[in-house]
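Heads up: the structure comes next, in structure tokens.
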Amino acid sequence: MSEIEKIRVELTVNGKHHVLYVSPCKTLLEVLREDLNLIGTKRGCDDSNCGVCTVLVNGQAIKSCTMLIPLANGCDITTIEGLEREGGLHPLQQAFIDRFAVQCGYCTPAMILTAKAILDENPNASEEEIRDGLHGNLCRCTGYTKIMEAILDVRDGKYKESCGEV
Amino acid sequence: MRFEKYFEPASIKECCELLVEYGKDAKLLAGGTDLVPKMKAEVLAPKAVISLHKIPGLETYKLCDKGVTIGALMPLRKLSLCEDLNKWPALKAAAGHVSSMQIRNQATLGGNACNASPSADAVEGLMVYDAIVNIAGPNGDREVEIADFFKGPGKTDLKEGEFVVSFFVPAPEEGTGAAYRKFAIRGDTDISIVGAGARLLLKDGKIADARITLASVAPTPMRAVKTEEFLIGKTPDEETAKAAGKIARDEAKPISDPRASAWYRKDIVEVEVYHAILDAAAAVK
């Protein structure tokens, strides 16, 4: 099989503009981890079941292991590395620490980004709506209760003063 | 995962030409949520991947007096939340039951149909409304009724060089109610054990027209025609819904697979069709 011609891809990742020449056979996950060294985004099942590769593309949560890189061309991408602001943690990051919603930590970046997508779209999302939104994210430590508590704390405004808006 | 060629045709004509050139060696890329895992698992190993995303207009919908035309690249989640499509609640619900939020953001209506899985869900939502599949090809455009589009698991009516451009979904008549229900062990992220759609047209309190569609209980998405015939002229009450559920149970032709055995699926068809009919009747405005 002959080597495929590389394509030009423009991405804005966490506010930084990149122009890359990559194989179109790559997924967004592979480009983030291998070409941009953003290893906060994890590879789990690699077939879009577990959700640990979730990132935000134009504000929408997607599974980056299943998005071919050409489809991300021109998009605005947020990974877990992009949530910190002025050296401070994002409210969801702080809440996950405070509520001990992290055990092994492997699912955490995706949980936080998915929660951000849910709350960005609907800041008053009900517990059921949040659970529904998180349906595609697995935590093998099964720490779902703590994860929900952390997200509900942020929804209820407990981090407004220390961290600003979600 | 490797392929040799990647194309982004800018027009329908260009896309058809590429499909003719590469034939069975080509796969179309819509959302990629089925294609990419299948390429990784080497279930599919196309030489060429052809993206539809540079063809203008495929991601949008257009309302008219007679209904709505929905582009093949409309993401399922956008469809499930679209307020302009409130006339078609069963389609919105069915699209909203496909997998997780992330997958619904990526996956498209056209991909859901062309994958031709009997457990597609969104497709059974289209069937509730007798949608038409708009196909482009090297010899011009053609239309196929959605119920005739599926020829077997993973098999569609598409001929060489053809692809799905959009779906036309007729506007339901006044007095129509519709619903779609999905039954799966782990909720929407799981593949349906049974999906059941219903559309009822009521005139003077009686059912004047009915559609019952079923997911995951036959080699293709199916219409329960005998159940539909039974419903005509009946009052949409519990007794009718119960009897209809029993007929649908007999019509369903499920297989046993790791998710559920055939007898269990039949049991669930009876229950879900019963509820779908009552939900549809309650939704009549």
Restricting the search to region B:238-266, which residues are free of Cβ contacts under 8 Å to residues at least 12 places away in the same chain and part of a loop (DSSP other than H, G, I, E, B)? B:Ile255, B:Ser256, B:Pro258, B:Ser261
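How many residues are part of a strand (DSSP E or B) and farther than 23 Å from B:Val49 by Cα if we restrict to region A:37-85? It would help to see each step written out before you state the result.
Just the residues of region A:37-85 that are part of a strand (DSSP E or B), to begin with: A:54-57, A:60-63, A:68, A:76-78, A:85.
With farther than 23 Å from B:Val49 by Cα added as a condition, the list becomes A:54-56, A:60-61, A:76-78, A:85.
The number of residues fulfilling the criteria is 9.
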When residues of region B:181-199 are filtered for being polar (S, T, N, Q), closer than 16 Å to B:Val217 by Cβ and not in a loop (DSSP other than H, G, I, E, B), how many remain? 0
Filtering region A:23-71 down to residues that are within 11 Å of chain B (Cβ to nearest Cβ), closer than 19 Å to A:Gly133 by Cβ and polar (S, T, N, Q) yields A:Ser48, A:Asn49, A:Thr54, A:Asn58, A:Gln60, A:Ser64, A:Thr66
For region B:152-211, the count of residues that are β-branched (Val, Ile, Thr) and closer than 22 Å to B:Ile255 by Cα equals 6
Count of region B:253-285 residues which are in contact with a Leu (Cβ under 6 Å, 6 or more places away or on another chain) and either under 11 Å from B:Ala196 (Cβ atoms) or among the aromatic types (Phe, Trp, Tyr) (or both): 1
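Of all residues in region A:7-22, count the ones that are surrounded by 14 or more Cβ atoms within 10 Å (Cβ to Cβ) and free of Cβ contacts under 8 Å to residues at least 40 places away in the same chain. Before the answer, list the steps.
Step one: list which residues in region A:7-22 are surrounded by 14 or more Cβ atoms within 10 Å (Cβ to Cβ), which gives A:7, A:9, A:11-14, A:20, A:22.
With the extra rule that they be free of Cβ contacts under 8 Å to residues at least 40 places away in the same chain, the set shrinks to A:20.
Here the count works out to 1.
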Might you check whether a residue that is in a strand (DSSP E or B) and more than 25 Å from A:Glu3 (Cβ to Cβ) occurs anywhere in region A:86-101? yes
Would you confirm whether or not region B:202-213 contains a residue that is part of a loop (DSSP other than H, G, I, E, B) and either of a type outside the set (Ser, Thr, Tyr) or modelled with pLDDT under 95 (or both)? yes
Give me the pairs: first residue in region B:66-88 and at positive phi, second residue hydrophobic (A, V, I, L, M, F, W, C) and buried (at least 22 other Cβ atoms within 10 Å of the Cβ), beta-carbon distance under 8 Å, and six or more apart or on different chains, which are they? B:Gly67/B:Val169
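The values are calculated or read from the model by the stated rules, or taken from the named source; none is laboratory data. Here the structure is a predicted model, which means the values were calculated and not measured. No Cβ is skipped: glycine too gets one built from the backbone with ideal geometry, and neighbour counts run over all protein chains shown.
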